[in-house]
Amino acid sequence: MRLTKTIRKTRAQNAKNKARSKNKLLTKRFIAFAVSIVIIGGAVFRIIYIKQNELTFPVLSPPASDALYKNPSQPIEARVKDLLERMSLEEKIGQMALIDKRSLSKPQDIKDFGLGGILSGAGAKPSTNDPQNWYRMVAEMKKQSKESRLGIPIFYGIDANHGHSNVLGATIFPHSIGLGASGDAELVNKIAEATASEIKATGINWNYSPSLDAPKDIRWGRVYEAYSDDPGLNSKLGVAYINGTQGPGQSYILASAKHYLGTGSMVWGESNHKKFKIDQGKILNDEHALNNYYLPPYKAAVDAGVGSIMVGLSEWGDTRIIDNKYLITDKLKTELGFKGFVVSDWYGAYEYSGTSKYRANINTINAGLDMAMLPYEYKAFIKDVRKAVQKNEISQGRIDDAVSRILYQKFRAGLFDEKEQDPDIKIVGSIAHRQLARQAVSSSTVLLKNNEVLPLSKTNGEILIAGSGADNVGRQSGAWTVEWQGIDGNWVPGATSILQGIRQTVGNSGVQIHYNKDGAFNDRKKKADVGIAIVSEKPYAEGWGDNPSPRIDKADLETIRRLKLSSNKVIVIIISGRPLFINDEIKSWDAAVAAWLPGSEGAGIADVLFRDKSFSATLPLPWPAIESQLPINHDGATKDQSRPLFPRGYGLTTN
Ligand code: GLC
C-alpha cells in the first residue's frame, strides 16, 4: 500500500514537473515569437517608412554636351525652357531650396539633391577667415553643383550690406543709415560696385542687399540697415546700390531688395518673437501706406531690374506677409511686373506659421514664394513639396514658374558660362576701397550743433579724447561684421579707429593729443582747449537691438562730465545705429556730431573735424526728442504732434 502510494505520489510529481517544464517551454517560445514579431515588424515599418520618406530620385541620363541650355549664344528664355523640360520634379524643387552651409550633412548633397542656393548666414565662415579660404570654401560647393546631372550652378549668398563684412580684412563701409545721411547716389553706387568686386573675389555671387526698409521707430534694432524713413530717398539709393551690384561694372552679383514690405513700420510691443519688442512684428494693414510708402521703393527696384526680393518676417495685419498672395503675387509680380524670384528670410516659411511645415510650404509657395531660405532641412522640403504637387496642393505650373524665375537669374548672372579664373584676392580691403570708405565716412557724418568750436585747428591746441567709441573699431563698425552681432573691441585687421585717425591727421603737426577712455584727466593743471567724447552703442543685430529708450549709457555720460571739468569746450561724437534721446544732455555740449556706424575707416571723422572736408551730411530720418513722439510717420509727423529734436534733412556745415 505504502509503495503504491509512493509510486502514485512520484508519478503525480513527475506529471507536475513535466507540465511545468512544458509551460516554461511554451512561455519561452511565446516570448521568442513576440520578440521576432517586434523585430520583423520594426524592420517592415522601417522599410515602409524609408520607402515613404526616402528621397529617391528617378535615375535619368546626363544631357548631351551640346544641349541647347548649355549654349551661351542662345537667348536666356530658350535656355530656361530647354533646361526646365529636362528637369525631374525633384530637381525642380531642389532649385527652390536655399540652405545655410552649416546645414549640409555633406557638400555632395548639393550635387545629389540639386540644391539651388547655399548661404553663409552671418558667422558661417571658413575655419580660417581670410579671403583665400572663403574662395576655396565656396569653390568646393560650386563644384558640387556643377557635377550634378544637369550641372546647374548654385547661387551662393551672403549679407554684405556694409561691405563684404563677414570676411576678415574686407573694407567695412558705413552702415546704410550713414549713406542715407550722405544722400549721395553716386557714392552708394561706387560702394556697391566696390563691395561686389570684393564679394566676387571670394567666389560668392549673391548679396542680400540693399535694405529698402523705412524705419519709423528708432527703438527698432535694424534702423541702421536702412537708408532712411523716406521712401523717395530709399528708392534713389536702393536703385544706385542695385545698379552697382548687378553690373555693368566688372562684377555681376545678384542683389536682393529686402525686407518686402513695409518693414520698419511695425508696431512697438507687437513682435511675434518672445524676446523682441518690434522686430518681426505687425504692420498695420493700410492700403494708402501700402501704395504710397511701402511699394514705391520696390517698384523702383523692380524697374532697375533687381534679380531677387526677400520677404520679411513681419505680418501685414493678421497675415504673415510670406503667406500673402495679394502682396507677393498680385502686387509684386503682377502689378509691379517683377520677373526675378522671391526668396524668404531665414526660416521664414515656418517662423510663426501656426501650422505644419508641410502646410507652410504649400501656403508660402502658393502665395508666390520661389526660393525658400529653409535654411536647414532640405530633404524634408523636397519630399514635402513633391508630395504636395503629387496631391495637387501645389500646381506643377507654380513650381515651373518658380524654377524658371530662378534659372533665368542664374543664366543672367552668367553662372552657367563663367570660366574658372584666379580670384582677384588683393582687391579685398584694397587701398582704393578704403579711400572710398573714408570719403563715405566724412560724407555721412552729420553736424547737429556747433557753438563756434568746429572745425578744429590742424596746427595748434591741446585736445583730450575719451569715450567708449574712441578706440573701438568693433563699435564703429556695428553688427553684421564678421559675426552676426558684431564684436566689441579693436580686432578688425586693416581698420582705423577714430582716435587713430585723429592721431594720423594732426598727431605730428603741433596739436597735442591726450587719450583716456574714461575721460580721467584730473591730474591737469589747466583746462585743454577742447575735449572730444566719442560715445557709442554696443553692436546689435535684428531684434536683439530693440530698445525701449535708446540713450547714451551711464559710463559715457560720466565720461562727458569728467571731460567738461578738464576742457574749455566739449564736442560729443555719437557712434550709434540710430538717433538716441539726447534732448537734455545736448544742451551742455558745445558741439554734437552724429557719426552713425562708420565702419573700418575711422579717419574719415578726422577729415571733417579738422576741415579737410566740410560737414555736408543731413539727417536721413527725424531725430526724436522723447519716446512719446514715436512712431514718427513718413511725412515727419510725430505721434504726439510735438516737434522732434531735429527734423529729417537737418544738418550744419562748416564751410
Ligand atoms: C536674417 C535677416 C536678413 C538676412 C538673412 C540671411 O535673419 O533678417 O536680413 O539677409 O537672415 O542672413
Test: residue 605 is part of a strand (DSSP E or B) and either open to solvent by less than 60 Å² (accessible area, probe 1.4 Å) or touching a residue at least 60 places away in the same chain (Cβ under 8 Å) (or both): no
Give all pairs with beta carbons closer than 7 Å in which a residue from the range 289-305 that is on the phi > 0 side of the Ramachandran plot meets a residue that is open to solvent by less than 30 Å² (accessible area, probe 1.4 Å); count only pairs at least 6 apart in sequence or on separate chains. 305/246
Exactly one condition in (1) open to solvent by less than 60 Å² (accessible area, probe 1.4 Å); (2) of a type outside the set (Gly, Ala, Ser); (3) under 26 Å from residue 112 (Cβ atoms) is false for residue 323; which is it? (3)
Strands (runs of 3 or more DSSP E) completely within the range 445-546 that count 2 or more residues being without any contact (Cβ under 8 Å) to a residue 60 or more places away in the chain: 512-515
Considering (1) under 21 Å from residue 516 (Cα atoms); (2) within 25 Å of the chain's Cα centre (by Cα), say which one residue 467 fails and leave the rest. (2)
The condition of being at pLDDT 95 or above, over 15 Å from residue 202 (Cα atoms) and buried (at least 18 other Cβ atoms within 10 Å of the Cβ) holds, among 142, 92, only for 92
Check 307, 312, 281 and return the single one that is within 16 Å of the ligand (Cβ to nearest atom) and over 30 Å from residue 629 (Cα atoms). 307
Which numbered condition residue 189 misses (of (1) surrounded by fewer than 22 Cβ atoms within 10 Å (Cβ to Cβ); (2) touching a strand residue (DSSP E or B) at 6+ places or on another chain (Cβ under 6 Å)): (2)
Only one of (1) out of contact with any helix residue (DSSP H, G or I) (no Cβ under 8 Å at 6 or more places or on another chain); (2) more than 16 Å from the ligand (Cβ to nearest atom); (3) open to solvent by 10 Å² or more (accessible area, probe 1.4 Å) fails for residue 490. Which number is that? (1)
Being away from the ligand (no atom under 16 Å from the Cβ) and within 19 Å of residue 199 (Cα to Cα) is the filter; apply it to the range 173-182 and report the residue that is surrounded by the fewest Cβ atoms within 10 Å (Cβ to Cβ). 174
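Collect the residues in the range 221-240 that are among the small types (Gly, Ala, Ser), within 13 Å of the ligand (Cβ to nearest atom) and buried (at least 24 other Cβ atoms within 10 Å of the Cβ), keeping them in residue-number order. Talk me through it step by step, then tell me what you get.
First, pick out the residues of the range 221-240 that are among the small types (Gly, Ala, Ser): 221, 226, 228, 232, 235, 238, 240.
When the remaining residues are screened for being within 13 Å of the ligand (Cβ to nearest atom), the result is 221, 226.
Of everything in the range 221-240, just one residue is among the small types (Gly, Ala, Ser), within 13 Å of the ligand (Cβ to nearest atom) and buried (at least 24 other Cβ atoms within 10 Å of the Cβ), namely 226.
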Unique residue being assigned to a helix (DSSP H, G or I) and in contact (Cβ under 8 Å) with a residue 24 or more places away in the chain when the list is 580, 563, 621: 563
Report, by residue number, each residue of the range 387-422 that is under 28 Å from the mean Cα position of the chain (by Cα), open to solvent by 40 Å² or more (accessible area, probe 1.4 Å) and of a type in the set (Lys, Arg). 412
Within the range 241-264, identify whether any single residue is closer than 29 Å to residue 415 by Cβ, among the hydrophobic types (A, V, I, L, M, F, W, C), away from the ligand (no atom under 16 Å from the Cβ) and modelled with pLDDT of 95 or more, and answer yes or no. no
In the range 145-165, what residues are open to solvent by 10 Å² or more (accessible area, probe 1.4 Å) and either farther than 21 Å from residue 115 by Cβ or within 16 Å of the ligand (Cβ to nearest atom) (or both)? 159, 161
I need the full set of residues from the range 500-529 which are surrounded by 22 or more Cβ atoms within 10 Å (Cβ to Cβ), in contact with an Asp or Glu (Cβ under 8 Å, 6 or more places away or on another chain) and β-branched (Val, Ile, Thr), in order please. none
Which condition does residue 170 not pass, out of (1) under 26 Å from residue 227 (Cα atoms); (2) away from the ligand (no atom under 16 Å from the Cβ); (3) open to solvent by 20 Å² or more (accessible area, probe 1.4 Å), if it passes all the others? (3)
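On the given criteria, is residue 291 more than 30 Å from residue 201 (Cβ to Cβ) and within 16 Å of the ligand (Cβ to nearest atom)?
Numbers: more than 30 Å from residue 201 (Cβ to Cβ): yes; within 16 Å of the ligand (Cβ to nearest atom): no.
Judged against the criteria, residue 291 is not a match.
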Result of the Cβ filter at 7 Å on the range 110-126, keeping first residues that are more than 12 Å from residue 138 (Cα to Cα) and partners that are within 16 Å of the ligand (Cβ to nearest atom) and of a type in the set (Asp, Glu), at least 6 apart or interchain, is 121/100; 122/159; 122/483; 123/483
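Quick check: anything in the range 200-211 touching a Pro at 6+ places or on another chain (Cβ under 9 Å) and charged (D, E, K, R)? Reasoning before the result, please.
The initial filter retains those residues of the range 200-211 that are touching a Pro at 6+ places or on another chain (Cβ under 9 Å), namely 200-203, 205.
From the residues that got through so far, the ones that are charged (D, E, K, R) too are 200.
Looking through the range 200-211, at least one residue is touching a Pro at 6+ places or on another chain (Cβ under 9 Å) and charged (D, E, K, R).
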Tally up the residues in the range 319-353 that are aliphatic (A, V, I, L, M), closer than 19 Å to residue 282 by Cβ, touching a residue at least 40 places away in the same chain (Cβ under 8 Å) and within 16 Å of the ligand (Cβ to nearest atom), please. 2
For the range 547-556, how many residues meet the condition of being part of a helix (DSSP H, G or I) and open to solvent by less than 60 Å² (accessible area, probe 1.4 Å)? 1
Test each condition in (1) open to solvent by 20 Å² or more (accessible area, probe 1.4 Å); (2) out of contact with any strand residue (DSSP E or B) (no Cβ under 8 Å at 6 or more places or on another chain) for residue 313 and report the one that comes out false. (2)
Of the residues 539, 493, only one is touching a Gly at 6+ places or on another chain (Cβ under 7 Å) and modelled with pLDDT under 95; which? 493
Matching residues, the range 68-110, being assigned to a strand (DSSP E or B) and of a type in the set (D, E, K, R): 100
In the set 121, 114, the lone residue that is buried (at least 17 other Cβ atoms within 10 Å of the Cβ) and within 16 Å of the ligand (Cβ to nearest atom) is 121
Here the residues within the range 294-304 that are more than 21 Å from the chain's Cα centre (by Cα) and either within 16 Å of the ligand (Cβ to nearest atom) or not in a helix (DSSP H, G or I) (or both) are 304
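Just a yes or no: is a residue in the range 328-337 open to solvent by less than 20 Å² (accessible area, probe 1.4 Å) and farther than 20 Å from residue 92 by Cβ?
Pass one, the range 328-337, residues open to solvent by less than 20 Å² (accessible area, probe 1.4 Å): 328, 331-333.
Checking which are farther than 20 Å from residue 92 by Cβ leaves us with 331-332.
Looking through the range 328-337, at least one residue is open to solvent by less than 20 Å² (accessible area, probe 1.4 Å) and farther than 20 Å from residue 92 by Cβ.
The values are calculated or read from the model by the stated rules, or taken from the named source; none is laboratory data. Since the model is a prediction, treat every value here as computed from it, not as a measurement. Methodologically, a virtual Cβ is constructed for each residue, glycine included, from the backbone with ideal geometry; neighbour enumeration extends over all protein chains shown. We work out accessible area using only protein heavy atoms, side chains counted, and drop any ligands, DNA or RNA first. Shrake-Rupley method; radii C 1.70, N 1.55, O 1.52, S 1.80 Å.
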